[in-house]
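This report refers to the structure that appears directly beneath it.
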Amino acid sequence: MNDSIEVLHVDVNSTSAEFTATSLERENNRFSVETAPTTDQGLDELAKEEFDCVVSEYVLADQNGIEFVRTVREQFPDIPLILYIGERSEKVAIEAISADVTDYLQKETGTDQYTVLANTITNAVESTQSQTKLVERNKKFYRYKQMVNSMQEAACVYDESGRFVIVNEYLANWYDTTREELQGQ
């Protein structure tokens, strides 16, 4: 996992945005939080810099948080998005889920809310990074599999226990069985 976590926080209230940014950075020294007062500026920041997570207020000047989430999802489909709302609303929660928000948190009073928000951001970012690594690993595995299967001589890949992970057709024929039967043996 990367050490730093770059967070973009979109909030029309600059005092609230700065306090949230400072509180998050205090909660987790891995965080670097940039703020944007409008969704347009938020999108500009996303286009200029690489962020690990976006936290958006629901009440925004130029559109609501759900509309912003949808816009971000169109341009940056894999970035974790957390909707941070003032009042709990079942309607907003349903809209947030349908807009593919990563998480939905209600603002609370006191500073404990920043601990919860920081944990939510960390979990979302680490989960996304793990998924990305898994996808990359699977792509590499598929390339190895394609390479081994295309060889005109016996070829295979073993795991750390010495079991066949990938076996080509030539080797399976040599053992007078199928690739599927040899894999795992």
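The values are calculated or read from the model by the stated rules, or taken from the named source; none is laboratory data. Given the structure is predicted, the values throughout are model-derived calculations rather than measurements. Positions of Cβ are backbone-derived with ideal geometry, glycine not excepted, and every protein chain shown enters the neighbour counts. Side chains are part of the model used for accessible areas, which takes the heavy atoms of the whole protein and leaves out ligands, DNA and RNA. Shrake-Rupley method; radii C 1.70, N 1.55, O 1.52, S 1.80 Å.
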Subject >> One residue from Thr132, Thr122 being under 16 Å from His9 (Cβ atoms), within 21 Å of the chain's Cα centre (by Cα) and part of a helix (DSSP H, G or I) >> reply: Thr122
**OP:** Exactly one condition in (1) surrounded by 14 or more Cβ atoms within 10 Å (Cβ to Cβ); (2) without any contact (Cβ under 8 Å) to a residue 60 or more places away in the chain; (3) touching a helix residue (DSSP H, G or I) at 6+ places or on another chain (Cβ under 9 Å) is not met by Ala93; state its number.
**Re:** (3)
**OP:** Of the conditions (1) surrounded by 13 or more Cβ atoms within 10 Å (Cβ to Cβ); (2) in a helix (DSSP H, G or I); (3) without any contact (Cβ under 8 Å) to a residue 60 or more places away in the chain; (4) touching a strand residue (DSSP E or B) at 6+ places or on another chain (Cβ under 9 Å), Glu180 clears all except one; give me its number.
**Re:** (1)
Original post:
Which residues, counting only those in the stretch 27-53, are more than 22 Å from Ile85 (Cβ to Cβ) and either touching a Leu at 6+ places or on another chain (Cβ under 9 Å) or exposed (fewer than 14 other Cβ atoms within 10 Å of the Cβ) (or both)?
Top reply: Asn29, Asp44, Ala47, Lys48, Glu49, Glu50
**OP:** Name the residue, out of Thr132, Thr102, Thr111, that is open to solvent by less than 100 Å² (accessible area, probe 1.4 Å), β-branched (Val, Ile, Thr) and at pLDDT 85 or above.
**Re:** Thr102
**OP:** Considering each residue of the stretch 63-117, count those that are assigned to a helix (DSSP H, G or I), of a type in the set (A, V, I, L, M) and in contact with a strand residue (DSSP E or B) (Cβ under 9 Å, 6 or more places away or on another chain), and give that number.
**Re:** 9
